[in-house]
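Heads up: the structure comes next, in structure tokens.
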Amino acid sequence: MAERGRRRRWIWAAAIVAMAALIALILQPKKVPVETARALRGSLRVTVDEDGETRAHDRFVVAAPIPGRLLRVELEEGDAVSENAIVAVIDPLPLNQQQREEVLARISAAEATKRQADARVAHAQADYEQAKRDRIRAEQLAREKVISAQALEQASNAEITGEEELQAAKFSAQAAAYEVKVARSGLVGFNNGSQGHKVISLRSPIAGKVLHVVEKSERVVTAGAPLVILGDPKKIEIVTDVLTTDAVNIKSGAPVFLEGWGGDHALRAKVRLVEPAGFTKISALGVEEKRVNVIADFVDSPNGLGDGFRVDARIVTWEGDGVLKIPVSAAFRNGDAWGVFVNQGGRARQRRIEIGHRNQTEAEVILGLTEGEEVILHPSNQIREGARVRAAK
């Protein structure tokens with residue numbers, strides 16, 4: 001009897017333990033399904049992404065030097081014009097003494113602009129020759145292993161930029177000389193009364209194409225009214241307006257990648273200039289923003305892009321290789337620092353980390369993680385320290 005009683009007690013004890021284990025299993029919280037990614041080393045690129053627009057590197061606006069009747073312009077957009085070709089004809093109105101003084105003032109202003117342009121050419125010529133000498137010295141020093149390949153590349157880029165600036169300065173001087181000629185033609189209207197009727201032929205200052213005909217039909221125009229815009233569509237640049245807070249991190253020579261232009265690959269360009277003056281622009285949300293134009297030149301062929309074409313510009317401000325990085329969606333603010341949840345053996349463990357550079361999708365991890373660790377993406381309110389998690393397939 002005693003033996004039977006002990007056996008019965010053992011059976012009841014085992015049943016109670018099994019029941020407790022079953023209850024504990026039922027009450028145990030289920031594993032939360034999560035998306036995960038591993039901290040890996042690789043390349044990271046930080047960019048400023050904005051809409052950009054192509055434009056002719058050198059635009060020339062042919063304007064009316066004096067008031068008069070503009071005869072119908074026969075040119076169409078896209079027409080090729082040779083240098084000194086007639087692009088518009090004006091039948092001037094007789095000028096009085098006051099108007100003559102105004103024309104003389106415009107002539108003086110145009111001549112002053114011409115002198116300034118000539119000085120800019122001389123300055124650009126000197127800068128280009130100095131950059132050329134620096135490049136030759138850099139090549140010699142690079143052969144002797146005194147300077148790095150990067151320093152040699154910078155010297156070569158400086159020479160290329162100097163040559164481009166010289167060409168641009170020469171174009172400006174050419175346009176300034178044309179403006180002087182146009183301004184002086186304004187005196188024709190003053191002499192009409194004494195020397196008979198004479199029309200003014202406005203000529204192209206360059207060999208290029210017609211970008212836009214501002215005034216097509218015959219009408220009376222005022223002095224200074226733009227008539228035809230000329231340029232070289234093969235020599236174009238990219239203009240991108242960015243926030244001034246982003247512009248301070250953009251340096252001359254920075255790579256630019258152009259997407260959304262209609263092709264199946266990105267076109268390469270490089271920053272030539274961050275304009276020194278900003279402007280105010282109203283955003284789509286009605287917010288006033290301080291922005292500044294960033295000018296870039298094509299490295300690849302423009303592939304049929306012309307003046308005024310839209311592109312998506314990605315301006316590189318920093319890039320590195322061998323960077324330990326994680327998806328941005330894994331990081332969250334933890335007080336004044338950054339934090340992540342790491343999947344350790346099916347448990348979520350909160351970790352404090354230090355983040356360096358980051359872009360829209362990835363972030364550099366400086367401290368707090370090691371390569372290969374699995375972090376939880378988009379951590380929800382269900383994810384807490386020690387929570388049981390299951391990585392979704």
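The values are calculated or read from the model by the stated rules, or taken from the named source; none is laboratory data. Quick caveat, the model's predicted, so the values are computed rather than measured. Note that each Cβ is placed from the backbone with ideal geometry, even for glycine, and that neighbours are counted across all protein chains shown. Accessible surface is based on the protein model in full, side chains and every heavy atom, while ligands, DNA and RNA are left aside. Shrake-Rupley method; radii C 1.70, N 1.55, O 1.52, S 1.80 Å.
Some points to look at:
- Looking only at region 148-180, residues that are open to solvent by less than 50 Å² (accessible area, probe 1.4 Å) and outside any helix (DSSP H, G or I) come to 0 in all.
- From the options Leu285, Leu273, residue that is under 11 Å from the mean Cα position of the chain (by Cα), open to solvent by 50 Å² or more (accessible area, probe 1.4 Å), at pLDDT below 95 and not aromatic (Phe, Trp, Tyr): Leu273
- Long-range neighbours under 6 Å by Cβ, at least six apart or interchain, first residue under 15 Å from Gly253 (Cβ atoms) within region 134-160, second open to solvent by less than 50 Å² (accessible area, probe 1.4 Å) and not in a helix (DSSP H, G or I): Asn157/Gly253
- The sole residue among Ala313, Ala269, Ala348 that is more than 30 Å from Glu159 (Cβ to Cβ), in a strand (DSSP E or B) and either among the acidic types (Asp, Glu) or in contact with a strand residue (DSSP E or B) (Cβ under 6 Å, 6 or more places away or on another chain) (or both) is Ala348.
- Per the listing Thr245, Thr222, Thr280, the residue uniquely surrounded by fewer than 13 Cβ atoms within 10 Å (Cβ to Cβ), under 30 Å from Leu71 (Cα atoms) and not aromatic (Phe, Trp, Tyr) is Thr222.
- Inter-residue pairs, beta-carbon under 6 Å, first more than 13 Å from Glu179 (Cα to Cα) and in region 104-120, second open to solvent by less than 60 Å² (accessible area, probe 1.4 Å), 6+ apart: Asp118/Ala173; Arg120/Ala169
Conditions (1) open to solvent by 40 Å² or more (accessible area, probe 1.4 Å); (2) in a loop (DSSP other than H, G, I, E, B); (3) of a type in the set (S, T, N, Q), marked per residue:
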{"position": "Asp321", "(1), (2), (3)": "yes, no, no"}
{"position": "Lys325", "(1), (2), (3)": "no, no, no"}
{"position": "Val342", "(1), (2), (3)": "no, no, no"}
{"position": "Ile353", "(1), (2), (3)": "no, no, no"}
{"position": "Gln360", "(1), (2), (3)": "yes, yes, yes"}
{"position": "Ile383", "(1), (2), (3)": "no, yes, no"}
{"position": "Gly386", "(1), (2), (3)": "no, yes, no"}
{"position": "Arg390", "(1), (2), (3)": "yes, no, no"}
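- Residue within region 332-342 that is without any contact (Cβ under 8 Å) to a residue 12 or more places away in the chain and of a type in the set (Gly, Ala, Ser) present: yes
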